[in-house]
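Please treat every number below as a calculation from the coordinates, not as lab data. Fair warning: this is a prediction, and the values are worked out from it, not measured in the lab. Glycine gets a Cβ as well: all are built from the backbone with ideal geometry, and neighbour counts include every protein chain shown.
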Amino acid sequence: MLKAERHKYIMTKLVEEQRVVTTDLALALDLSEDTIRRDLNELDSKKLLEKVYGGAVQVKEKSANVFDIHISDEEEKKQIVTKALSLLRDDQVIIMSGGSTNLVFAKLIPSDLKATIYTYSLPIAMQLSQHPNIDLIFIGGKMQKNAMVTIGMDVIQVVSKIKADICFIGASSINIKQGLTEIGYEVSMVKKAMIEASDKVVSMFSSDKLNTKMAHVVCDLKQLDTIVTNLSPDDIQLEEYRKSGVFIL
């Protein structure tokens, strides 16, 4: 198969499935994984896709207005985060990571809730800045521009000094053996600090993140108190997670 034909196949699969996996592509095209990785690297360099650990995802469209953020599958994410609203109490100290699910959560926090919220996500900070009763602390540091979150030792040092009642942490991937994993090392380190600083840890994510993994471990399942998904808590896909002892909303 010619390289142009391979690239066309990869891009077609990416449009159909929103992500592609290196091993699956190698099997489908009867090629080595090294060949597929070279193809993905070339397509990434042309900004036609975004290469991630184990495969690639679609390139996110950038809005002309940096704060006009498109949230994919927003209705599904509303269903997820609505479950987690029951975990909020007045006078809590809360830490929130970045991510589109947490951004939807920030939009739906009741206007009468009185709490202190720390975040290193600029979009979430902008959203919460409009909340009448939230004491908002934005944690500054080096900006990771694609995700609009701050990272680095400055962020970790601030987070490590917080005594939080609860943290709401996004998930790039989760599985039984590795627990939560992240694409980026620096974000994984900030999330580790969040977990250490919090009495209770809640992770919210869509079911397509189940049984997947990224390169950098954040925490194992026993460090999570609650996971919140778009599935029913008794769904068969969550059986092994229930057995691990984590509470499922």
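Numbers for the structure displayed
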| item | result |
| --- | --- |
| Ellipsoid equivalent to the stretch 144-242 - semi-axes via the Cα gyration tensor, in Å | 24, 15, 11 |
| Gain upon complete extension [Lys177, Lys78; 0.36 nm per residue less C-alpha separation] | 32.8 nm |
| Of Lys46/Lys177; Lys114/Lys243; Lys177/Lys209; Lys13/Lys222; Lys145/Lys177, those spanning more than 26 Å from alpha-carbon to alpha-carbon | Lys46/Lys177; Lys114/Lys243; Lys13/Lys222; Lys145/Lys177 |
| Selection of trypsin sites (Lys or Arg not before Pro), the stretch 146-208, meeting DSSP coil and at most 16 other Cβ within 10 Å | Lys161, Lys163, Lys177 |
| Relative contact order for the chain, counting Cα pairs under 8 Å that sit 6 or more residues apart, in percent | 14 percent |
| For the stretch 3-57: relative contact order, % (alpha-carbon pairs under 8 angstrom, 6 or more apart) | 37 percent |
| Contour excess over end-to-end distance, with Cα ends at Glu239 and Thr212 and 0.36 nm allotted per residue | 8.2 nm |
| Label-point separation in nm, Lys222 to Arg37, each point 7 Å along Cα→Cβ | 3.3 nm |
| Rg ratio (alpha-carbon, reference 2.2 N^0.38 Å) - the stretch 3-57 | 0.95 |
| The stretch 80-87 - phi-based ³J(HN,Hα) in whole Hz, Karplus 6.51/-1.76/1.60, Gly and Pro as x | 5, 6, 4, 4, 6, 4, 5, 8 |
| Antiparallel bridge percentage (DSSP; both residues within the stretch 34-165; nearest 5) | 45 percent |
| Relative packing of peptides 87-99, 115-127, 8-20 - highest average C-beta neighbours within 10 Å first | 115-127, 87-99, 8-20 |
| Gyration tensor verdict on the chain (Cα atoms; rounded if a/c is under 1.5, prolate if a/b is larger than b/c, oblate otherwise) | prolate |
| Two-decimal ratio, the stretch 75-141, of alpha-carbon radius of gyration to 2.2 N^0.38 Å | 1.02 |
| Shape of the stretch 169-209, Cα gyration tensor, a/c cut at 1.5 | oblate |
| Cα-based reach from Lys192 at 18 Å (exclusive), listing aspartates and glutamates while leaving out same-chain residues under 8 positions away | Asp154, Asp165, Glu182, Asp220, Asp225 |
